[in-house]
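Peer 1: Below you'll find the structure I mean.
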Amino acid sequence: MRVQRVLLIAALLGVPATATAAAQPLGRQITITKGAHDYVLHLGPRLRPVVAGQRVAIRCAHVHARRGFRPSPHPAPVQRTARVPRTRGPVHTGIPVGRFLDLCLVRYTSSNGSGIVNVLTDSVTVPITARGRAYDDDLNAAYSLFVPLFAAPAGTTTPPPAATIVARAHGTVAALDGPDATPPAGKVGYWTDGAQRFTTVALGHAGRRVFLDHDADVVRTNGLSYFDDPFEPATAEDAMPPDAPRLTPGVTVTAGRHGNVLHFAPAAAATYRRIAGHRVAVGCGGTDDESPGFGLSFSAGELSQTVRAPRRRGPLSTGAGDPAGHYDYCFVRLGHDVVVLAARTARARTYLEDAATAASLYLPVGLVAPGTVAPPPVATIVQRGGGRVASLDGPAGTPPPGKVGYWTDGARHYVTAAVTAGGRRLFSEVDGDVLASNAIGYNLEPGAG
């Protein structure tokens, strides 16, 4: 079982290692300076005994603002490993000082106090430049927006009173007077109307107000850009979310003796020919509950196995038994491609269809080159859309079914919208550095592995 959603936004943000590292108290026990030939780590007295004799992994990156209609990918990071001396002395990273770098991520293993090494490594971010410090401060603020959510009991469905969150957060949260208020320095602010809306706020670099506002199914935030992990290698395609797999016509799911079974009707014959005789991953998973909630929620995740698909079309067992009824869709993956996706329940069918509609909101962004800053004119996007994009008459407009709507003021404000099969309007609206959307909850990538 894995955390599938922290509220509706956390899975989309995919809180990177940098964010987790920012909360590590030992982070201030590391500094980086420029040596004669390479960058050098200096370890404080609390951290030195923890990592003495270890090989630590060091990944350093150049931080640049990835804002705009379709940002450029961030530069590739530089990484090395280095042995920490058992005695005092600096740690030479081997990363040449000629590289312009702003921030480093240092990973190491630590003991739980009983002599047993933790399965997961710890990591800390270490700024090198003022720009790296500003990024780290803002990332800390963005990540801390989730502190009130972690303080709430699991399964909480409505925002708890501010007094409850303040008491459970052990001094890290302050109650706000309203959704536009600002917390004291060093605290995370929390406000709620007690029904369906809540706001969390933190202060970033130079007192910048970073916020997350959740009202029913609409999320507004100016903290999204800080979760773009500069320590992961990037390509131009990384600026675009993956397309959501669509349900495969002619494929159904039933419960078998050894797990759920996929059945391929004649309408799915062409699809089956793609996997016939190949080694494929087959499995099932559980869709997320996208209804408004608060705190941590869990889903069944996915269970899959690798098999060789029979050359002749017929039933294909997934091997995913489901006595508790948690799995409501099944899939077949060939390499990295989800070739087959089938819903076992009506709820899963609706969710997966709506998720594909939500993914289509990014179509206008994919029609321009990386590095595009200002929203392109509506006429340009409609022309490049090849009949898939329609002009909206305003930011609240609704496109025809089967089309993605697009509107912009030509400066810094744009909206994309689409309508689900059930008639629900999904939208994504960007105004400067603020994102508002009711489609963030569709974060599931079925069959992604």
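The values are calculated or read from the model by the stated rules, or taken from the named source; none is laboratory data. Bear in mind the structure is a predicted one, so any value in this text is a computation, not a measurement. Glycine also receives a Cβ, built like all others from the backbone with ideal geometry; neighbour counts cover every protein chain displayed.
Peer 1: Need the failing condition index for residue 246 against (1) touching a Lys or Arg at 6+ places or on another chain (Cβ under 9 Å); (2) surrounded by fewer than 15 Cβ atoms within 10 Å (Cβ to Cβ); (3) not in a strand (DSSP E or B), just the number.
Peer 2: So residue 246 meets the others, but not (1).
Peer 1: State which residue is surrounded by the fewest Cβ atoms within 10 Å (Cβ to Cβ) when the search covers only the range 222-231 and only residues that are at pLDDT below 90 and in contact with a Lys or Arg (Cβ under 9 Å, 6 or more places away or on another chain).
Peer 2: Selected residue: 225.
Peer 1: For the range 161-221, which fully contained strands (runs of 3 or more DSSP E) count at least 1 residues that are surrounded by fewer than 21 Cβ atoms within 10 Å (Cβ to Cβ)?
Peer 2: Output list reads 173-175, 197-203, 209-215, 218-221.
Peer 1: Output the number of the condition that residue 311 fails; it satisfies all remaining conditions of (1) under 16 Å from residue 286 (Cα atoms); (2) in a loop (DSSP other than H, G, I, E, B); (3) of a type in the set (Lys, Arg).
Peer 2: For residue 311, the failing item is (1).
Peer 1: Then there is this: Could you look through the range 84-101, keep only residues that are farther than 12 Å from residue 40 by Cα and modelled with pLDDT of 80 or more, and pick out the one that is surrounded by the most Cβ atoms within 10 Å (Cβ to Cβ)?
Peer 2: 101
Peer 1: Confirm whether residue 269 is at pLDDT 85 or above and part of a helix (DSSP H, G or I).
Peer 2: Judged against the criteria, residue 269 is a match.
Peer 1: Next up: Out of the residues in the range 102-129 meeting the condition of being in a loop (DSSP other than H, G, I, E, B), modelled with pLDDT under 85 and among the hydroxyl-bearing types (Ser, Thr, Tyr), tell me which one is farthest from residue 231 (Cα to Cα).
Peer 2: Step by step, filter the range 102-129, then rank; the result is 114.
Peer 1: What number of residues in the range 281-295 are closer than 20 Å to residue 445 by Cβ and either at pLDDT 95 or above or touching a helix residue (DSSP H, G or I) at 6+ places or on another chain (Cβ under 6 Å) (or both)?
Peer 2: Within the range 281-295, residues that are closer than 20 Å to residue 445 by Cβ and either at pLDDT 95 or above or touching a helix residue (DSSP H, G or I) at 6+ places or on another chain (Cβ under 6 Å) (or both) number 1.
Conditions tested, residue by residue: (1) within 27 Å of residue 224 (Cα to Cα); (2) of a type in the set (Gly, Ala, Ser); (3) assigned by TED's automatic domain parsing to the domain that holds residue 131; (4) touching a residue at least 24 places away in the same chain (Cβ under 8 Å).
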| position | (1), (2), (3), (4) |
| --- | --- |
| 35 | no, yes, yes, yes |
| 44 | no, yes, yes, no |
| 47 | no, no, yes, no |
| 63 | yes, no, yes, yes |
| 71 | yes, no, yes, yes |
| 77 | yes, no, yes, yes |
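Yes or no, residue by residue, for (1) modelled with pLDDT of 95 or more; (2) crowded, with 20+ Cβ neighbours inside 10 Å; (3) basic (Lys, Arg):
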| residue | (1), (2), (3) |
| --- | --- |
| 340 | yes, yes, no |
| 351 | no, yes, no |
| 355 | no, yes, no |
| 374 | no, no, no |
| 380 | yes, no, no |
| 392 | yes, yes, no |
| 400 | yes, no, no |
| 404 | yes, yes, no |
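Peer 1: Oh, and also: Residues to consider are 411, 421, 390, 379; find the one that is among the small types (Gly, Ala, Ser) and under 28 Å from residue 285 (Cα atoms).
Peer 2: The match here is 421.
Peer 1: Name, by its number, the condition in (1) outside any helix (DSSP H, G or I); (2) closer than 17 Å to residue 69 by Cα that does not hold for residue 446.
Peer 2: Failing condition for residue 446: (2).
Peer 1: So residue 329 clears everything in (1) modelled with pLDDT of 95 or more; (2) in contact with a helix residue (DSSP H, G or I) (Cβ under 6 Å, 6 or more places away or on another chain) except one condition, right? Which one?
Peer 2: Of (1) modelled with pLDDT of 95 or more; (2) in contact with a helix residue (DSSP H, G or I) (Cβ under 6 Å, 6 or more places away or on another chain), only one is false for residue 329: (1).
Peer 1: Oh, and also: Report the residue count in the range 296-308 for those that are modelled with pLDDT under 85, part of a strand (DSSP E or B) and hydrophobic (A, V, I, L, M, F, W, C).
Peer 2: 3
Peer 1: Right, something else. State whether the residues of the range 162-172 include one that is touching a Gly at 6+ places or on another chain (Cβ under 6 Å) and not assigned by TED's automatic domain parsing to the domain that holds residue 41.
Peer 2: no
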